[in-house]
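In what follows, a structure is listed as structure tokens, so that the remarks can point back to it.
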Amino acid sequence: MTMNSNLPSAVDVALQREMQSTALDVLYYDVKTAIVGMVASIGAVAGSALITGSPVLWACAAGLTLVGAARTVDFRLFENAKRNGIAVDGSTWEFRYFLGAFFFMAGLGAAGYAGFATIPYELASVPVYLALFGALFSQLVGIIGRNYSNPTIIRFQIGAMIVPLAAGVWSLPGLEYKIVAVMAVPSAFAGIRVATRSWQVHREKQEKAAENIRLAQFDTITGLFNRGHMATVLDSAVFDSTAGNDRFAVHYIDLDRFKQVNDRYGHPAGDELLWQFGSRLREIVGPEDSVSRFAGDEFVILQRGAGADAARRLAGDIVKRTSEVFDIRGVKVNVGASVGISLFPQHGQSAEDLVRDADTALYAAKEEGRNRFRLFDAAMEDRLQARQKLEDDLKAAVDNRLFDVHFQPIVDIRTGRVAYCEALLRWEHEGRFIPPLDFIPRAEELGLLGRITDIVLDKACSAAASWPSHIGVSVNVTPDMIMNSDVPAMIAAALSRTGLQPSRLEIEITETILLDDNARVQGTLNVLKRMGVSLALDDFGTGYSSLSYLPRFDVVDKVKIDKSFLKGLGEDEKATNLMIGVAQLCARMGFAVVIEGVEEQRQLDLVKEAGAVTYVQGYIFSKPRPLAALASYLLSEKDPVAPAETSVPSRRLAIVARR
């Protein structure tokens, strides 16, 4: 998927208007010199009429006077509109200028033709010819100087003047006049060429200046204000609102699930999604509001004159419009938006405070489930500080490798012996274990997930290398890691450091990465398979739960059926038949079947009766154990593993962040 490089941009529209405004200013610049030029030309024609008594020249002088008067009024009207800040329509005023300039030059051309072609040769004189030539060519110079920003006007004006003039001179007797007539045409074309080149140079300078403005103030993908310029806009809003006792709202917006779109379909698709989202924001906000792309998939809106109610309405519209499907070059994409709101002057007296408070409210919205908005309140500050402390501690834990790994045995029910142990991440923070669900998403946002995965792989492989050779280790790897990181290289490095055989390592993946024909994902899984690493589909039954996509990924060795299938097992006939049917179907497709979360003997008995299950994992055999306790457990294993006498409620923790 490639992004359309010709997407319309608010920047292009604004800059085009600015360039058109500049061109108009040039056309209507310095009304006094324009009036002086027209008066001089009219005087030359009238003087020639007085000398020759030609009624045609008198008519031309009268016509030029009327056109000149109309143009003078037009110049004055434009000048007053600009002075009073009245909006002017560029196309209309450019056309008005064109009409006046064309008819004035046509009148001069007619006077030139009349002076040379209709007046008897003996009545004319050198002063008449010089006056007419002077009037015409002084206007030629003025045309090139004033109208260089519009070559079309120049061509029409020079054509209206030169053609009748050359025809009139050609009609005079004598070779010298015909030479002058012929020379007038290339002279006119030379003037047109000079004017055109001047216009090209002017245009290039305008475009360069426009590009500099674009880079300095606007985001190149969305056409919205960039972060730097938006900061200036917010500072100005604070200053103006303080002086005028006004109010406004700041909205901090984050696209939910943008990363998944960017990862799955590529950066061009992500860029187009950003552009489409920016376009929707422009449609939603009011004409006085300002919209910016602040960073990545984060946007900030300045809503002028808004109190709490108006801010909530706008935020609700943003959430609603963002939940509508985006069409990214034929691919239907569903995302969402979370919005945090701060108000001036209630929540801050500076742009920095308002943005910070809106950001705090944004994170409150995300923590409450995303795809919603929240208005800032003081209590959020405490939660933000706690969150920031947790993030700081998480970074320190990664830097110092303070994570631990516990292991839960996976038993082969055919032999009763441990076949694998699943590595489960633990982080002890301030005297308590933090569930991965609470810190893995934040680790992903902070860009720490790769390093955490590397730590778990290293600890898991190192531990497994000390176990009996028939026992392997299973490690969860998130979809984002599979799609965006060089997982094979990471795994190869861990195997090399620890000396563990690849056949004893199993990588658990979730079904979400199998839903699309993603060449990168399939390529990564194929590489892992060639390395000798086995692959298991984890938590089957918690997501889309469709077996239709599994044949496309024949590299998967095992399907781990989630413990949710055990609910009602042995008590509800439908639940029992469902678990047995899914297990048997997976087995017939060639997958080894693992049942997770077995806690009771009756569940184990029914699982065995299904006849399709190979492995069982759950508290009935063992809870997750730290390495030292597991090592003693495995070394003492002389007989098949017996179910534990007591079962403990399952509280399974894993590196994968369940969404």
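The values are calculated or read from the model by the stated rules, or taken from the named source; none is laboratory data. Just so you know, these numbers come straight off a predicted model, no measurement behind them. Using ideal geometry, Cβ is built from the backbone for each residue, glycine included, and neighbour counts are taken over all protein chains shown. Each accessible area value is taken on the protein alone, full model and side chains, heavy atoms only, with ligands, DNA and RNA left out. Shrake-Rupley method; radii C 1.70, N 1.55, O 1.52, S 1.80 Å.
Are there any pairs, at least 6 apart or on different chains, whose C-beta atoms fall under 6 Å, with the first in segment 239-266 and of a type in the set (Asp, Glu) and the second modelled with pLDDT under 90 and open to solvent by 40 Å² or more (accessible area, probe 1.4 Å), and if so, which?
Pairs found: ASP256/ARG370; ASP256/ASN371; ASP263/ASN484.
Look through segment 373-408, keep the residues that are within 30 Å of GLY472 (Cα to Cα) and among the polar types (S, T, N, Q), and return whichever of them is least open to solvent (accessible area, probe 1.4 Å).
In this case the residue turns out to be GLN408.
For segment 589-637, enumerate the residues that are among the charged types (D, E, K, R) and at pLDDT below 85.
Filtering segment 589-637 down to residues among the charged types (D, E, K, R) leaves 596, 599-600, 602, 605, 608-609, 623, 625, 637.
The answer is GLU609, GLU637.
Got a number for residues in segment 328-349 being closer than 28 Å to HIS267 by Cα and either without any contact (Cβ under 8 Å) to a residue 24 or more places away in the chain or assigned to a loop (DSSP other than H, G, I, E, B) (or both)? Working first, answer last.
Taking segment 328-349 first, the residues closer than 28 Å to HIS267 by Cα are 328-340.
Remaining after also requiring either without any contact (Cβ under 8 Å) to a residue 24 or more places away in the chain or assigned to a loop (DSSP other than H, G, I, E, B) (or both): 329-330, 332, 334-335.
Qualifying residue count for the region: 5.
Is it the case that segment 512-522 has a residue that's at pLDDT below 85, of a type outside the set (A, V, I, L, M), over 20 Å from TYR265 (Cβ atoms) and surrounded by 14 or more Cβ atoms within 10 Å (Cβ to Cβ)?
Of the residues in segment 512-522, the ones at pLDDT below 85 are 512-522.
Of the ones still in play, those that are also of a type outside the set (A, V, I, L, M) are 512, 516-518, 520, 522.
Imposing the further condition that a residue be over 20 Å from TYR265 (Cβ atoms) reduces the set to none.
Scanning segment 512-522, I find no residue that is at pLDDT below 85, of a type outside the set (A, V, I, L, M), over 20 Å from TYR265 (Cβ atoms) and surrounded by 14 or more Cβ atoms within 10 Å (Cβ to Cβ), so the answer is no.
Where the second residue is part of a loop (DSSP other than H, G, I, E, B) and crowded, with 19+ Cβ neighbours inside 10 Å and the first is of a type in the set (Phe, Trp, Tyr) and lies in segment 396-410, which pairs have Cβ atoms under 6 Å and are six or more apart or on separate chains?
Close Cβ pairs satisfying both conditions: PHE403/TRP427.
Please go through segment 402-431 and pick out each residue that is closer than 19 Å to GLU508 by Cβ and basic (Lys, Arg).
The one that is closer than 19 Å to GLU508 by Cβ and basic (Lys, Arg): ARG426.
Applying the selection to segment 329-349, what residues are modelled with pLDDT under 90 and among the aliphatic types (A, V, I, L, M)?
Within segment 329-349, VAL331, VAL333 meet the criteria.
For segment 390-504, give me every one of the helices (runs of 4 or more DSSP H) that falls completely inside it and has 1 or more residues that are more than 27 Å from SER632 (Cα to Cα) and touching a Gly at 6+ places or on another chain (Cβ under 8 Å).
Because the criterion is at least 1 residues that are more than 27 Å from SER632 (Cα to Cα) and touching a Gly at 6+ places or on another chain (Cβ under 8 Å), the helices (runs of 4 or more DSSP H) in segment 390-504 that meet it are 479-484, 487-498.
In this structure, is PRO640 surrounded by fewer than 14 Cβ atoms within 10 Å (Cβ to Cβ) and at pLDDT 90 or above?
Details: surrounded by fewer than 14 Cβ atoms within 10 Å (Cβ to Cβ): yes; at pLDDT 90 or above: no.
It is false that PRO640 is surrounded by fewer than 14 Cβ atoms within 10 Å (Cβ to Cβ) and at pLDDT 90 or above.
Can you go through GLU571, GLU596, GLU600 and tell me which one is closer than 18 Å to GLN408 by Cα and either surrounded by fewer than 20 Cβ atoms within 10 Å (Cβ to Cβ) or among the aliphatic types (A, V, I, L, M) (or both)?
On the way: GLU571 fails: closer than 18 Å to GLN408 by Cα; GLU596 fails: either surrounded by fewer than 20 Cβ atoms within 10 Å (Cβ to Cβ) or among the aliphatic types (A, V, I, L, M) (or both).
Of GLU571, GLU596, GLU600, the one residue that is closer than 18 Å to GLN408 by Cα and either surrounded by fewer than 20 Cβ atoms within 10 Å (Cβ to Cβ) or among the aliphatic types (A, V, I, L, M) (or both) is GLU600.
Would you check if there is a residue in segment 357-372 being without any contact (Cβ under 8 Å) to a residue 60 or more places away in the chain, open to solvent by 20 Å² or more (accessible area, probe 1.4 Å) and of a type in the set (S, T, N, Q)?
For segment 357-372, residues without any contact (Cβ under 8 Å) to a residue 60 or more places away in the chain, open to solvent by 20 Å² or more (accessible area, probe 1.4 Å) and of a type in the set (S, T, N, Q): absent.
Is it true that GLY68 is at pLDDT 80 or above, open to solvent by less than 20 Å² (accessible area, probe 1.4 Å) and more than 47 Å from the chain's Cα centre (by Cα)?
On the way: at pLDDT 80 or above: yes; open to solvent by less than 20 Å² (accessible area, probe 1.4 Å): yes; more than 47 Å from the chain's Cα centre (by Cα): yes.
So GLY68 fits the description; yes.
If we keep just the residues of segment 86-128 that are at pLDDT 75 or above and of a type in the set (S, T, N, Q), which is farthest from the chain's Cα centre (by Cα)?
The selected residue is THR92.
For the list (1) modelled with pLDDT under 80; (2) at positive phi, I need the number of the one condition that GLY532 fails.
So the condition that GLY532 fails would be (1).
GLY53 versus (1) modelled with pLDDT under 80; (2) touching a helix residue (DSSP H, G or I) at 6+ places or on another chain (Cβ under 9 Å); (3) within 22 Å of GLY115 (Cα to Cα): which is the lone unmet condition?
Status for GLY53: all satisfied but (2).
Do you know which residues across segment 350-375 are farther than 27 Å from VAL325 by Cα and either part of a helix (DSSP H, G or I) or under 26 Å from the mean Cα position of the chain (by Cα) (or both)? Full working, then the answer.
Going through segment 350-375, the residues farther than 27 Å from VAL325 by Cα turn out to be 350-357, 360.
If the condition is that a residue be farther than 27 Å from VAL325 by Cα and either part of a helix (DSSP H, G or I) or under 26 Å from the mean Cα position of the chain (by Cα) (or both), then ALA351, GLU352, ASP353, LEU354, VAL355, ARG356, ASP357, THR360 are the ones that fit.
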